[in-house]
Every structure is written in structure tokens, then in C-alpha cells.
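*Asks:* A single structure is presented below for examination.
The values are calculated or read from the model by the stated rules, or taken from the named source; none is laboratory data. If you're wondering where the values come from, they're calculated on a predicted model, not measured in any experiment. Quick reminder, even Gly has a Cβ in these numbers, built from the backbone with ideal geometry, and neighbours come from all protein chains shown. Accessible surface is based on the protein model in full, side chains and every heavy atom, while ligands, DNA and RNA are left aside. Shrake-Rupley method; radii C 1.70, N 1.55, O 1.52, S 1.80 Å.
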Amino acid sequence: MLVDALTYKAIAAEIGAELAGARIDRISSPTRDSVFVAAGRGTRRGLLLSASPASARLCLVEAAPATSGLSGGASEPTPFVMLLRKHL
């Protein structure tokens, strides 16, 4: 899929409109290759970033995805999640 500057601009505008000024509440890793950033004004909505080869995506979601043992979710935070928590 070809992604150009207009696509990036549209994505940034949509995410910026939804999460501008929101405080980051929690960062977790629901699966081995995804990160969920919970942010919002008292809500559990947030940003889901997935690097899965089958379904790479960046999307706004209303609730945190469920972590299951079958999907490879980490019971303790990965070093990458710890780095995000430190800097964000």
C-alpha cells in the first residue's frame, strides 16, 4: 500500500483532533507485536499501534484490547513498553 504525505496529514489530523490535550494514562502491550496507549479525559479510549505482519495498523479504539495468553500478550511489560512509559 502506498502511503504519501496527504495520507500522513489526514491521519495526524484525525488523531490530533481526538487526543489533543489528553493525558496518557497507561501504556500496555496487549499482544506480542502491538502497543496500546490509553489516553483521554477519564475514558479508556486510546491509540492502538500494531506491527503485525498480517495486519499492521494505527487506529483509535474505544477500549483497550483484551490480553489473552493465546495471542502472546506479555504478563510483564516488555523493554520497549518500559521505554515508552519512561519517555511519554
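*Asks:* State in Å² the accessible area per residue of the chain; use a 1.4 Å probe, count heavy atoms of protein chains only, and round to the nearest integer.
*Replies:* Dividing the accessible area of the chain by its residue count gives 71 Å².
*Asks:* Between Arg85 and Cys59, what FRET efficiency comes out of the Förster formula 1/(1 + (r/R0)^6) with R0 = 22 Å and r the beta carbon distance, rounded to 0.05?
*Replies:* 0.55
*Asks:* Given a Förster radius of 41 Å and the C-beta distance between Arg26 and Val3 as r, what FRET efficiency does 1/(1 + (r/R0)^6) yield to the nearest 0.05?
*Replies:* With R0 = 41 Å, the Cβ-Cβ based efficiency is 0.90.
*Asks:* Report Rg(Cα)/(2.2 N^0.38 Å) for the range 1-56, keeping two decimals.
*Replies:* Taking the Cα Rg and dividing by 2.2 N^0.38 Å, one obtains 1.27.
*Asks:* Scanning the chain for trypsin sites (Lys or Arg not before Pro) in DSSP loops with at most 10 other Cβ atoms within 10 Å, what's the longest stretch left with none?
*Replies:* Between the exposed loop sites, the longest stretch runs 42-88.
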